[in-house]
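First up is the structure itself, then whatever we jot down about it.
The values are calculated or read from the model by the stated rules, or taken from the named source; none is laboratory data. Source: prediction; values computed, not measured. Methodologically, a virtual Cβ is constructed for each residue, glycine included, from the backbone with ideal geometry; neighbour enumeration extends over all protein chains shown.
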Amino acid sequence: MSVSQTAPGPPPPPAPPAPELVPIAARTVGAVKVYGRGETAVRALDGISADFVSHQFTAIMGASGSGKSTLLHCLAGLDRLTSGQTFIAGYELGRLTDRQLTLLRREKVGFIFQSLNLVPTLNALDNIVLPLTIAGRKPEPGVVEGVVQMTGLADRLKHRPGELSGGQQQRVAAARALVSRPEIIFADEPTGNLDSKAGGELLAFLRKAVDTLGQTIVIVTHDPFAASHADRVIFLADGRVVQEMRSPTADSILAVVRHLGD
Amino acid sequence: MFKVSLRSLLSHKLRLALTATAIILGVTFVAGTLVLTDTIRNTFEGVLSNVDKGVAVQVKGATPATPSGRLLNQNLPLPESVLARVQKVSGVADAVGVVERSGVSLLQNGQVVGATDHAAMLGLNWVSDSQLSSFELTSGTAPRSADEVVINARAATNGHLAVGQQIQVSFEASAAQPFVISGIATFGGQASIATEGFALFTLPTAESLLEANNTFDVIDVSAQSGVTDLQLRDRVASALSGTGVQVQTGAQAASETEQNAVTDINEFIGTPLLVFAFVAVFVGSFLIANTFSILVAQRTQELALLRALGATRGQVFTEVITEAALTGVLASLVGFLLGILVADGLIHLVGSSAKLSVQPDALITSVLVGTIITVIAAALPARRATRIAPVAALREAQPEFQGLPRVRIACGLLLFLGGTAGLLQSLFTATATSGPNLSVLGLSVLGIFLGTALLAPILVRPVATVLGWPARFRGAPGRLAGENARRNPRRTALTSAALMIGLALVTAVAVITDSVEASINQALDGTVKAQLVVIAEGSGAFSPEVASTLRADPRLTDVSEIRGSDVLVGDIETNVIGLDTSNVSRIFSFSMTQGSAASIATGDTTIVDSTEAATENIHLGSVVTMTFPNGDKVTMTVGGIYTPDALISGYLVSLGTLNPHLTTARDSDVALNPAPGVSVASADASMLNDLRAYPQLSGLTKTQYKNLISAGLNTFLNLIYVLLGLAIIIAVVGIVNTLALSVLERTRELGLLRALGMTRGQTREMVAWESVIIALLGAVLGLAVGAGLGIALVSSLHSDGISQTAVPGNNLILYAVAAALFGIIASIFPAIRASRVDILRAVTSE
């Protein structure tokens, strides 16, 4: 699916992405985000550069105030950097207008938030297809059914969010993120409000989406167990990348977290 | 708790402003009305206190009475001999006779000049005794010769007339006579008497011009020093005993005039305006109730926290009510100040220089009305606030999908059905003379509105589904708008209720005016056979000379005078119409149910409409007694009964029967036809040529007459639109209010939608659609209730000749389209706010 199908779409990439050995879904270069001015200024992001490889599950970890959520928001086009660049599918977000950014989010990005992910007036199925409805698109045949099957919510589709458990709600949100087959899905503490069983189910679902559908997922979490589902973990502290880990386990993550906490 | 209320109020300025708007608008109308009527009254009283100070005693003619003592509200003229008798009473310093009759027109170059709104002026004789006269010359001299006239200052200004100028004067369209303006005068310092102009003549001129036939309308008497007004009144009364004349002290007469003036002001200005003010306040109360409901819902956590911290239910109730009362007082004060400005503007608009009269009563009433309405409207939401459990403080607020309590449905049905029953009862048991019981009628309509508002939430889902259906073609925004309108039926219903009331009243008035117009047109096409008609502008009576002039025209025929008189039939005050029997069959075609129309040609015979006959139990051959203003009591035989229509109803007699009982012969209309072989157009041209000497008269074809009536009704309808426009504005403010608070409440949801790729444009469209659905819901309910009210009212008038029921479909479609447009306008501000929601703050939990 090409963005140019939706007029007026984002402009063509400022510079054609250099041929990569591995395809990159999102990238940030020298990302700086400063809140406030003068003496009260806080550097939430202090020059972060990172690539998010397609078809990979990446977790961003860090203590409160490390800048992990800010990074996610800037990567996802929900917030703008003070300086530096972020790219999604080759588009530099900083050069897009609000409308272009909105259309880019609609076409290329999926979201799962910590809570209140769903529109309360719509039933589960309508929530799942909402990004398509907003874009005025018809879902591709079989896609919705496939995603619904993966979530195991087939018998709850006509229920409104208020009638679903927290775990079910988050799975609906995950299905919604998947249904438009976005370039990348961003999840901000998706298990933050769930008990461990529901959280485990959601993470297993996300893992499966990467493995079977080739989806790219980036999550922000402070939970080593959640991060252990990822292919790669990026550790932030004081707005900088301090460590990276591939094929993590909960124990290895916990060790790093303890070390960083010192 | 007062501190909490005050803090809460001040910390939500937007909320305060939105709630206050409704109260301010309503109170502005109330205050404006009160200040306006106070000012008019004050001006009038000011004038009256300046006039007739030297009048110790005033004598007026007798009032004809029926055998049972009921008076016809009209005084007989006083014979000149009465003046001589009064002058001889000991203690009388001076007594003067005054001829005082309305119907004078000033003419110049064939045009009426100096008049306001074609209204005729008052004609009087100049009284030189300054003790007994309230007219003061501002320039020139009093009339000294038969061809001199003094006119009022306003007429001089309006007509650009000056002392020494030639002018023509006509009384009730009699042949115009040449006059010279000898002076310009004021009455009690005012340029006119209220809005009426005046012309002063010498006594002989006044008597002949105003056709007083050696009579006076009033005799003013001054007292010698040492004689009190009361003593003199008793002496004059005993001197005139047995004549039936009325003798009052000057003060009594003045207070009677003042009473009548105040009654008139209340009847024609005060009461209608207060009715509209009431509508505005009533509509506003829905808005206030809705705002407080939403606020209580949004403050659930805060109020629950207060409860958790130990506040009692009573304290929570007091907190909400106190906030309402504070808002009410503040908004009422602002509304009162705006009302003064509105009254001032209106007074300037009509060109009056009256000094604004701001009474403490008006302030107290305005503030009380505003505050009490606010508190009443906030009472239900406040009660709901007391039911918030302390534990709600710990829960995440979830938008609720409310059901409707049975009690509410029962109350709604009870009010709606009770209101409908009351309406029908009051309309259809009304008699021709007493009319419907207005307080029952008003309460019934109120009940219907409240009942509909209570039941409306049931209708929200189906109506929003139907109305939201086209919106669905607009994709996600339309779809979500429909869901949003349905998610809280009470809120949607209450918001649309304000528009419902405004539109229902407009619709009812439109149905009535349209039905009246259709009925008049039907009467013109059916009963009236005459092709042409002459009427006086400002619906005055005119001299029979006009008919004589027209009769002399060979291109015209069937010239037929129509003449009316007040009359008491039995004990009922009504009027009788005299018809020219020589050609009545070519002028009118009555649909007789009994007897014949031709029977009136026989002397002292009347025909009567079937409604009057039924209420008064009159049959063919019955005998009725008519008491005329000149005191004559005549026994008439009923020779026929006809079906009334919108133009003709009541008692009809021949001119021959009527004329002997009239003081002056005056026509109200002249109906005529083109002479054989003459086209209507050329007959019309000929008639207009004949009427050139009478600029105060209009000659019309049937079509022109229809257009004139239609234009008059449209003017009335436009006035209603303007007055009810305020209710519509309040309703629109209500939609703005609800949407703005809903947008605030749905910040997270809007942020989520924006994050998922909804553009700002789509977000605005979503809010606009919701607004349109709310507005259309109000429109659908309003049109239905209004059409029902209108049809019920018209049906109750069927027997009075309003035989046609016309529902102006085009207007109704126009109202619905206008409502949708108002919906879009109302959505602008909330939609912009919605589209500017900060996505990050909405979606992050921290």
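Answer yes if at least one residue in region B:216-234 is in contact with a Pro (Cβ under 8 Å, 6 or more places away or on another chain) and either at pLDDT below 90 or more than 30 Å from B:Gly502 (Cβ to Cβ) (or both), and no otherwise.
Quick first cut of region B:216-234, residues in contact with a Pro (Cβ under 8 Å, 6 or more places away or on another chain) only: B:216-217.
Still in the list and also either at pLDDT below 90 or more than 30 Å from B:Gly502 (Cβ to Cβ) (or both): B:216-217.
Yes.
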Filtered residues of region B:649-707 (kept if in contact (Cβ under 8 Å) with a residue 60 or more places away in the chain, farther than 25 Å from B:Asn213 by Cβ and assigned to a loop (DSSP other than H, G, I, E, B)): B:Ser649, B:Gly650, B:Ala675, B:Pro676, B:Val678, B:Pro695
What's the number of the condition B:Ala613 fails, among (1) touching an Asp or Glu at 6+ places or on another chain (Cβ under 9 Å); (2) surrounded by 15 or more Cβ atoms within 10 Å (Cβ to Cβ)? (1)
Cross-chain or 6+ apart pairs with Cβ under 6 Å, region B:175-202 first and in contact (Cβ under 8 Å) with a residue 12 or more places away in the chain, then of a type in the set (Ser, Thr, Tyr) and crowded, with 19+ Cβ neighbours inside 10 Å: B:Ala176/B:Ser170; B:Phe187/B:Ser134; B:Gly188/B:Ser134
Filter region A:143-173 down to residues that are out of contact with any strand residue (DSSP E or B) (no Cβ under 7 Å at 6 or more places or on another chain), assigned to a helix (DSSP H, G or I) and among the hydrophobic types (A, V, I, L, M, F, W, C) and give me whichever is nearest to the other protein chains (Cβ to nearest Cβ). A:Val172
So B:Leu647 fits all but one of (1) touching a Leu at 6+ places or on another chain (Cβ under 9 Å); (2) surrounded by 21 or more Cβ atoms within 10 Å (Cβ to Cβ); (3) of a type in the set (A, V, I, L, M, F, W, C); what number is the exception? (2)
Within region B:729-770, take every residue that is part of a helix (DSSP H, G or I) and of a type in the set (S, T, N, Q) and give me the one that is nearest to A:Leu118 (Cα to Cα). B:Thr747
Lone qualifier among B:Val275, B:Val320, B:Val279, B:Val367 - being surrounded by fewer than 19 Cβ atoms within 10 Å (Cβ to Cβ), at negative phi and part of a helix (DSSP H, G or I): B:Val275
With (1) modelled with pLDDT of 90 or more; (2) more than 12 Å from A:Val220 (Cβ to Cβ) as the list, and A:Met61 as the residue in question, which single condition is left unmet? (2)
Expected output for region A:121-142 (first residue within 7 Å of chain B (Cβ to nearest Cβ) and on the phi < 0 side of the Ramachandran plot, partner among the small types (Gly, Ala, Ser) and in a helix (DSSP H, G or I), Cβ below 6 Å, 6+ apart or cross-chain) is A:Thr133/B:Ala476; A:Ile134/B:Ala476
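Hand me the list of strands (runs of 3 or more DSSP E) wholly inside region B:76-155 holding 2 or more residues that are surrounded by fewer than 20 Cβ atoms within 10 Å (Cβ to Cβ), modelled with pLDDT under 90 and assigned by TED's automatic domain parsing to the domain that holds B:Ala199.
Once the strands (runs of 3 or more DSSP E) in region B:76-155 are filtered for at least 2 residues that are surrounded by fewer than 20 Cβ atoms within 10 Å (Cβ to Cβ), modelled with pLDDT under 90 and assigned by TED's automatic domain parsing to the domain that holds B:Ala199, what remains is B:100-108, B:111-113.
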Qualifying position, being within 14 Å of chain A (Cβ to nearest Cβ) and buried (at least 18 other Cβ atoms within 10 Å of the Cβ), among B:Pro457, B:Pro489: B:Pro489
Give B:Thr747, B:Thr759, B:Thr738, B:Thr715 a once-over and let me know the one that is away from every other protein chain (no Cβ under 14 Å) and more than 30 Å from B:Ile269 (Cα to Cα). B:Thr738
Spans of strands (runs of 3 or more DSSP E) in region A:175-262 with at least 2 residues not aliphatic (A, V, I, L, M): A:184-188, A:232-237, A:240-246
Do the conditions hold for B:Ile824, that is, is it away from chain A (no Cβ under 14 Å), in a helix (DSSP H, G or I) and not small (Gly, Ala, Ser)? yes
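Need a quick list: helices (runs of 4 or more DSSP H) entirely within region A:30-134 having at least 3 residues that are touching a strand residue (DSSP E or B) at 6+ places or on another chain (Cβ under 9 Å).
Because the criterion is at least 3 residues that are touching a strand residue (DSSP E or B) at 6+ places or on another chain (Cβ under 9 Å), the helices (runs of 4 or more DSSP H) in region A:30-134 that meet it are A:68-75, A:98-108.
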Filtered residues of region A:104-117 (kept if more than 7 Å from every other protein chain (Cβ to nearest Cβ) and out of contact with any helix residue (DSSP H, G or I) (no Cβ under 6 Å at 6 or more places or on another chain)): A:Leu104, A:Lys108, A:Val109
Filter region B:173-214 down to the residues that are in contact with a Pro (Cβ under 8 Å, 6 or more places away or on another chain) and either surrounded by fewer than 19 Cβ atoms within 10 Å (Cβ to Cβ) or in a loop (DSSP other than H, G, I, E, B) (or both) and list them by number. B:Thr202, B:Ala212, B:Asn213, B:Asn214
